[in-house]
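Read through the structure below, which is laid out as structure tokens, and then see the notes.
The values are calculated or read from the model by the stated rules, or taken from the named source; none is laboratory data. The model shown is predicted, which means the values in this text are computed figures rather than measured ones. Cβ: placed from backbone, ideal geometry, glycine included. Neighbour counts: every protein chain shown. Accessible surface areas use protein heavy atoms only, side chains included; no ligands, DNA or RNA. Shrake-Rupley method; radii C 1.70, N 1.55, O 1.52, S 1.80 Å.
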Amino acid sequence: VQLQASGGGLVQAGGFLRLSCAASGSIFSINAMGWYRQAPGKQREFVAAISSGGYTNYADSVKGRFTISRDNAKNTVYLQMNSLKSEDTAVYYCNLITTAGGNYWGQGTQVTVSS
């Protein structure tokens, strides 16, 4: 299974970005897809996730600003990030969990928010 993330970049505070992550390979059944992030000097933290049935979960720090969605036909998950803050600056990683218990990570995409 390969995960290809895209959409990161440099944006001013208050701006927006949309991340995408496409999964490919031997994917038989996806349980959930999500996003994590890791800022310099900090541990990787959960951002948002969406189940195969569309149930969503968000970190408190992004609730009301970020929206996760997925296209099951394309095995793709999206993260719409609005009202970005400098503290959102991090490398964002896509995550995929299969019903068989497989846990896969993308290569990460840099998001930088300038204040």
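The criterion of being in contact with a helix residue (DSSP H, G or I) (Cβ under 9 Å, 6 or more places away or on another chain) and surrounded by 18 or more Cβ atoms within 10 Å (Cβ to Cβ) does not hold for Val77.
For segment 63-115, filtered to residues that are part of a loop (DSSP other than H, G, I, E, B) and either among the charged types (D, E, K, R) or under 12 Å from the mean Cα position of the chain (by Cα) (or both), the residue that is nearest to Gln12 (Cα to Cα) is Lys85.
Could you list, in sequence order, all residues of segment 42-87 that are under 27 Å from Ser24 (Cα atoms) and among the basic types (Lys, Arg)? Once the filter is applied, which keeps residues that are under 27 Å from Ser24 (Cα atoms) and among the basic types (Lys, Arg), segment 42-87 yields Arg44, Arg70, Lys74. For segment 87-107, filtered to residues that are among the hydrophobic types (A, V, I, L, M, F, W, C) and modelled with pLDDT of 90 or more, the residue that is surrounded by the most Cβ atoms within 10 Å (Cβ to Cβ) is Cys94. Is it the case that some residue within segment 18-30 is over 14 Å from Glu87 (Cα atoms), open to solvent by 60 Å² or more (accessible area, probe 1.4 Å), at pLDDT below 95 and not basic (Lys, Arg)? Yes, there is a match, as at least one residue in segment 18-30 is over 14 Å from Glu87 (Cα atoms), open to solvent by 60 Å² or more (accessible area, probe 1.4 Å), at pLDDT below 95 and not basic (Lys, Arg).
Pairs meeting the criteria (first residue in segment 38-49 and open to solvent by less than 100 Å² (accessible area, probe 1.4 Å), second residue among the acidic types (Asp, Glu) and assigned to a strand (DSSP E or B), beta carbons under 8 Å, at least 6 apart or on different chains) are Gln38/Glu45.
Scanning segment 16-35 for residues being touching a residue at least 40 places away in the same chain (Cβ under 8 Å) and either closer than 18 Å to Gly101 by Cβ or touching a Ser or Thr at 6+ places or on another chain (Cβ under 7 Å) (or both) gives a total of 13.
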